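*Asks:* I have a structure I would like to understand better, so I am pasting it below and will then ask my questions one at a time.
The values are calculated or read from the model by the stated rules, or taken from the named source; none is laboratory data. None of these values were measured; they are calculated from a predicted model. Cβ sites come from the backbone with ideal geometry, for glycine too, and all protein chains shown count toward neighbours.
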């Protein structure tokens, strides 16, 4: 394994293992935490909106579709699996609730993470393709049970997932060079 195939530097690993709240937050990913909070609040508001037939239980259910964004940086396959399973369970329990406004952006964030983080350390292409397939299952589940989405929404969301996943793969390819250049500067 070459130095360029490892995206987490030893200095970053050392910082993340030191005690302290900020170091733990950096290890988890501050961006992921902020995104999860924003998506979760948006999902709660969307589900509880007047005319959406939402309940507190349905609002809690949407959190399972948005909160896994926190896991995306360190465990992208787990995060996309939780989002897909939550999309299926949410659809089975509350089939007439609009939730795509928060769930699809969260899924896009996770799809980017699947593309950018699944091949770290020289892993095979199986993990990124598995994550992409799981993300597309989530899109199909949302299409099946979200009353706002139709077939064109399915295609549009599927293309967005592919673009986010591909952007993640692209970022994974250039990130080592960007880090190397910034360290040399």
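*Asks:* Just to be sure I understand, how many residues within region 121-139 are surrounded by fewer than 15 Cβ atoms within 10 Å (Cβ to Cβ) and either modelled with pLDDT under 95 or within 16 Å of residue 70 (Cα to Cα) (or both)? It would help to see each step written out before you state the result.
*Replies:* Taking region 121-139 first, the residues surrounded by fewer than 15 Cβ atoms within 10 Å (Cβ to Cβ) are 121-126, 129, 133.
Filter once more, so that each one left must be either modelled with pLDDT under 95 or within 16 Å of residue 70 (Cα to Cα) (or both): 121-126, 129.
Within region 121-139, residues that are surrounded by fewer than 15 Cβ atoms within 10 Å (Cβ to Cβ) and either modelled with pLDDT under 95 or within 16 Å of residue 70 (Cα to Cα) (or both) number 7.
*Asks:* If I go through region 90-135 residue by residue, how many of them are over 15 Å from the mean Cα position of the chain (by Cα), within 17 Å of residue 53 (Cα to Cα) and in a helix (DSSP H, G or I)?
*Replies:* 4
*Asks:* Same structure, new question: Hey, can you tell me all the residues within region 7-44 that are surrounded by 15 or more Cβ atoms within 10 Å (Cβ to Cβ) and either farther than 21 Å from residue 116 by Cα or at pLDDT below 60 (or both)?
*Replies:* Residues satisfying the conditions are 7, 38, 40, 42, 43, 44.
*Asks:* Counting only residues that are outside any loop (DSSP other than H, G, I, E, B) and crowded, with 24+ Cβ neighbours inside 10 Å, how many does region 47-75 have?
*Replies:* The qualifying residues number 6.
*Asks:* Scan region 140-185 residue by residue and report those that are part of a helix (DSSP H, G or I), closer than 20 Å to residue 97 by Cβ and either in contact with a strand residue (DSSP E or B) (Cβ under 7 Å, 6 or more places away or on another chain) or touching a residue at least 12 places away in the same chain (Cβ under 8 Å) (or both).
*Replies:* Scanning region 140-185 gives 140, 141, 142, 143, 144, 145, 153, 154, 157.
*Asks:* Given the structure, is residue 103 touching a residue at least 12 places away in the same chain (Cβ under 8 Å) and either farther than 18 Å from residue 157 by Cα or surrounded by fewer than 19 Cβ atoms within 10 Å (Cβ to Cβ) (or both)? Steps first, please.
*Replies:* On the way: touching a residue at least 12 places away in the same chain (Cβ under 8 Å): yes; either farther than 18 Å from residue 157 by Cα or surrounded by fewer than 19 Cβ atoms within 10 Å (Cβ to Cβ) (or both): no.
Taking the combined requirement at face value, the residue does not satisfy it.
*Asks:* State yes or no: is residue 60 in contact with a helix residue (DSSP H, G or I) (Cβ under 8 Å, 6 or more places away or on another chain) and modelled with pLDDT of 90 or more? Lay out the reasoning, then the answer.
*Replies:* Working: in contact with a helix residue (DSSP H, G or I) (Cβ under 8 Å, 6 or more places away or on another chain): no; modelled with pLDDT of 90 or more: yes.
So residue 60 does not fit the description; no.
*Asks:* Among the numbered criteria (1) surrounded by 19 or more Cβ atoms within 10 Å (Cβ to Cβ); (2) part of a helix (DSSP H, G or I), which one does residue 78 miss?
*Replies:* Answer for residue 78: the failing condition is (1).
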